[in-house]
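Here the structure comes first, spelled out in structure tokens, and everything after it is commentary.
What follows draws every value from the coordinates through simple rules; no lab data is involved. No experiment lies behind these values; they were computed from the predicted model shown. All Cβ positions, glycine included, derive from the backbone under ideal geometry; neighbour counts span all protein chains shown.
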């Protein structure tokens, strides 16, 4: 049966060190940087191939902080061609606790979810905003204070 299936199936091979994109088809939405599947990226990366594991499986280098198995089938990978894909620039900075984080441009909204404060954050270099809990913004207390001051003044304009 597999001979009939494989007859029209393209053979896809990668070399060690080659940059590839990973399909978000089977990944949780937050790996694609969104909460909605429809609005999320279809492919994430690029990342390098570390080694070939078996016939159609490759061990792929993953970004720090990602906690899933790094071996993927070739059907979930596609070659990355520099300049063809629009890259989102995220500015990473070293935080005081020696971890990497992104730069916050401004706090633009606030709501309470299950009794906890959640802030709408605009990131430097990105057009979209995300809702982040207070614990994720421990180094951005000044921006939170400025947002609260702006919200407290009539008309929302701080002086």
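How much length would be gained if the chain were fully extended between residue 5 and residue 26, taking 0.36 nm per residue of separation minus their Cα-Cα distance, in nm to one decimal?
On the way: separation 21, 0.36 × 21 = 7.56 nm, distance 2.19 nm.
Taking 0.36 nm per residue and subtracting the Cα distance, the gain is 5.4 nm.
Is the C-alpha gyration tensor of the range 2-79 telling us rounded, prolate or oblate? Criteria: a/c under 1.5 is rounded; beyond that, a/b larger than b/c is prolate, otherwise oblate. Don't skip to the answer; put the middle values down first.
Details: a/c = 2.27, a/b = 1.38, b/c = 1.64.
Note, shape of the range 2-79 comes out oblate.
Testing the spin-label approximation: label points 7 Å from Cα along Cα→Cβ at residue 81 and residue 120. State their distance in nm.
With each label point 7 Å from Cα toward Cβ, the separation is 3.8 nm.
Return 44, 81 ranked ascending by Cβ neighbour count within 10 Å, so the fewest neighbours appear first. Intermediate values should be presented prior to the final figure.
On the way: 44 18, 81 10.
Ordered from fewest to most neighbouring Cβ atoms within 10 Å, 44, 81 come out as 81, 44.
Obtain the nm distance between the two label points defined at residue 108 and residue 59 by a simple spin-label model: each point lies 7 Å from its Cα along the Cα-to-C-beta direction.
4.2 nm
Could you state the angle between the C-alpha long axis of helix 141-152 and the longest principal axis of the C-alpha atoms of the chain, as a value from 0 to 90 degrees rounded to the nearest 10?
50 degrees
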